[in-house]
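Please treat every number below as a calculation from the coordinates, not as lab data. All figures in this text were calculated on a predicted structure; none of them were measured in a lab. For neighbour counting, all protein chains shown are included, and Cβ atoms are generated from backbone atoms with ideal geometry for every residue, glycine included.
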Amino acid sequence: ELFDAGGLYILPGAIDDHVHFRDPGYPHKEDWESGTAAAAFGGVTCVFDMPNTIPPTANGEILAAKHAIAASKAHVDYGLYGLLGDNTIATVPELIDGGIIGFKLYMGNTFGKIPSPDTGATLECFEVAAATGKRVSLHAENNEIMERRQKRLMAAGKKDQWAHLAARPNVVAVEAVSRAAILAEWTGARIHVLHISTAEELRPLREAKARGVDITGETCPHYFLLSTDDYARVPGIIAVNPPVRERQNQQPIFDALVDGTIDVIATDHAPHAYEEKTRNDIWTVDCGFPGVETQMSLMLTQVNAGRMTISDYVRMSAYNPARIWGLFPRKGALLPGSDADIAIVDLDRDHIIRDAETQSRSKVSPWDGYKVKGLPIHTLVRGRFVMKDRKLVPATKGWGRSVHTIQAMPAPVVRNTEHSMQAITQGAA
Ligand code: DOR
Ligand code: ZN
Ligand code: ZN
């Protein structure tokens, strides 16, 4: 069979280390089939699924069930996060045995209402994680600040779209990143700060990296392409945790992504139903929106605008995620995508994002009507077309595999906590 990629660019498939595919638990929002179809259309060949499903991915049995679902439905490769918190310290060995890509710890409360561990418990979680060598992805928001603010705003009857922002001022994220960096330094835990939303988080991130903390960062297109200027246009729809911020945060975040301070571009793909996004009450609207399908086009648009190079893009979308999560397919293969995980893109294609035309079951995002230049035309996972000529290849349902099996296990760096580590592992045994 002849295949013509003339005029197109061949890139490593993107690795999106932050998606919520809702399966099991919320099939009306998304499932492994619709979510990975969206990924295939977005040039994304590997996704890491978050644990805030029903039930949360908190022990070996639940993890095994999610593995079975994903294996039967996925069009692209995947990793599964295990939940790390107060109640899962004891189940960490089962999660490791069951095959996770890493841990997710919710420092702040968000969709799914996973309880956030206090600082003492977070320190213990980091100690336990450090001993496994697995990285911990963090929803870094300070829960105490948010809860007090929200209570005060609700008592004052503030229900407008800005109340959501007022309850989550920038310090909510900055404090959590700073504290997490200290706790990681103290324990040797490897941490990954998800969805960096403020310019001010860059300082603790830079400083921790300079001190040798094993800390990496991620941001998403909405934190540097959207701002509070967009709230009046798409109120409710744009609600996300952490929130889209004031415009002055955009350029510093974008610059940090290009200079490598922020390692990874991901999406926090967080699908919800239309009714759940358009409730006329900022406190009960579901937070988040889909993104796995549009990230590559939004970023190639930045390449076309001369804001970064294609190599910059490949570094943040594929090389860095492969590096920090240990996903190079074999020793010495330091090219992401070299096992034929490929996105073939038309850099010249003008396209308008239409939520109604996307693969995600969630047909509601702030990107509806957004003009992009650059579109994935074909996507291959381990050599097989999963999306060809902008059409899904239905026969590849179930082709996706968990990538934890190829994950390299780096040696943990443990400082200062040998004694408490021993106490905890003996206690758990
Ligand atoms: O807005 C958000 N939505 N932030 C999160 O951290 C979770 C996500 C979701 O699962 O919907
Ligand atoms: Zn989050
Ligand atoms: Zn998320």
Checklist entry - With θ set to phi - 60° and the Karplus curve 6.51 cos²θ - 1.76 cosθ + 1.60, what are the ³J(HN,Hα) couplings of the stretch 204-211 in order, to the nearest whole Hz, using x for Gly and Pro? => result x, 5, 4, 5, 5, 4, 5, 7
Item to check | Net length gained if the chain between Ser311 and Asp255 were fully extended (0.36 nm per residue, minus Cα distance) | outcome: 18.7 nm
Next on the checklist: On a full-extension model of 0.36 nm per residue, what is the gain between Asp348 and Ser72, subtracting their alpha-carbon distance, rounded to one decimal in nm?
Outcome noted: 95.8 nm
Checklist outcome for this item: Summing -39500 (n - 2.57) over every DSSP H run of at least 4 in the chain, dividing by its residue total and rounding to the nearest 500, the 222 nm mean residue ellipticity is -9500 deg cm²/dmol
Checklist entry - Cα centroids of the stretch 24-75 and the stretch 174-251: how far apart, whole angstrom? => result 25 Å
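With r defined as the distance between the Cβ atoms of Arg149 and Arg206 and R0 fixed at 35 Å, what FRET efficiency is calculated, to the nearest 0.05?
0.80
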Next on the checklist: If I model a spin label as a point 7 Å beyond the Cα along the Cα-Cβ vector, how far apart are those points for Ala65 and Glu275 in nm?
Outcome noted: 2.5 nm
Checklist entry - Which whole-Hz couplings ³J(HN,Hα) result when phi for each residue of the stretch 76-88 is put into the Karplus expression 6.51 cos²θ - 1.76 cosθ + 1.60, θ = phi - 60°, listed in order with x for Gly and Pro? => result 10, 6, 7, x, 10, 7, x, 6, 10, x, 2, 8, 10
Next on the checklist: Over all directions, the average projected area of the alpha-carbon convex hull for the chain comes to how many nm²?
Outcome noted: 19.4 nm²
Checklist entry - What list of ³J(HN,Hα) couplings, whole Hz, do you get for the stretch 164-178 from phi and the Karplus terms 6.51, -1.76, 1.60, once you set θ to phi - 60° and write x for glycine and proline? => result 4, 5, 4, 6, 10, x, 3, 4, 4, 7, 4, 4, 5, 5, 4
